[in-house]
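Report on the following structure.
Throughout, read-outs are computed from the coordinates displayed, never taken from laboratory work. Everything numeric in this text was worked out from a predicted model, so none of it was measured. Ideal geometry is used to build each Cβ from the backbone, glycine not excepted, and the neighbour counts take in all protein chains shown.
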Amino acid sequence: MDANPPQLQTLDLPTEVILQASSTSLGKIYLDWMPQPGAYLDVAGATYAVLERRHRYQLQAGKYRLQTIALYVQERDRPTEQTLIEGRWVIGDASCAFNARSELLRCGIEPVGPCANCRHYEPRGNHP
């Protein structure tokens, strides 16, 4: 028995891009990478934040094979303020106590920002 799981073969499968709010399909595209939730994707001149990724498998000849990939997205502007934290990019100034440290949400007080010159800024060390 092989201890290593097979790699996803995504290059030969189209990925359906679906707007989360309306469940409207934006179409199927071929990707050379596998976007994770929080990543940004450009489709037909618009930028979308990936909220969820779903895989569907089909049993063929006794093995499950990846059949379809769907990305649920939300239209967004790419954030101009980002901070690299533990190998991932988060929106806004992560040194602020109110920063959500998320790829999708900037902070609880000013979710759309900007962080520059925010009157609510407090260094992270001031709050637990």
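Some observations on this one:
- Extension gain, A44 to I29: 0.36 nm times the residue separation minus the Cα-Cα distance gives 4.4 nm.
- Over the stretch 15-75: Rg over Rh, Cα atoms, Kirkwood Rh: 1.03
- Taking packing as the residue-averaged number of other Cβ atoms within 10 angstrom, the listed peptides 60-68, 99-107 run from highest to lowest as 99-107, 60-68.
- Distance distribution note for the stretch 79-128: the fraction of Cα pairs above 17 angstrom is 23%.
- Distances between placed amide hydrogens fall under 5 Å for N99 paired with no residue 5 or more residues away or on another chain.
- Environment charge at A70 (Cβ cut-off 13 Å; Lys +1, Arg +1, Asp -1, Glu -1): +2
- Rh (Kirkwood; distinct C-alpha pairs) - the chain, Å: 17.0 Å
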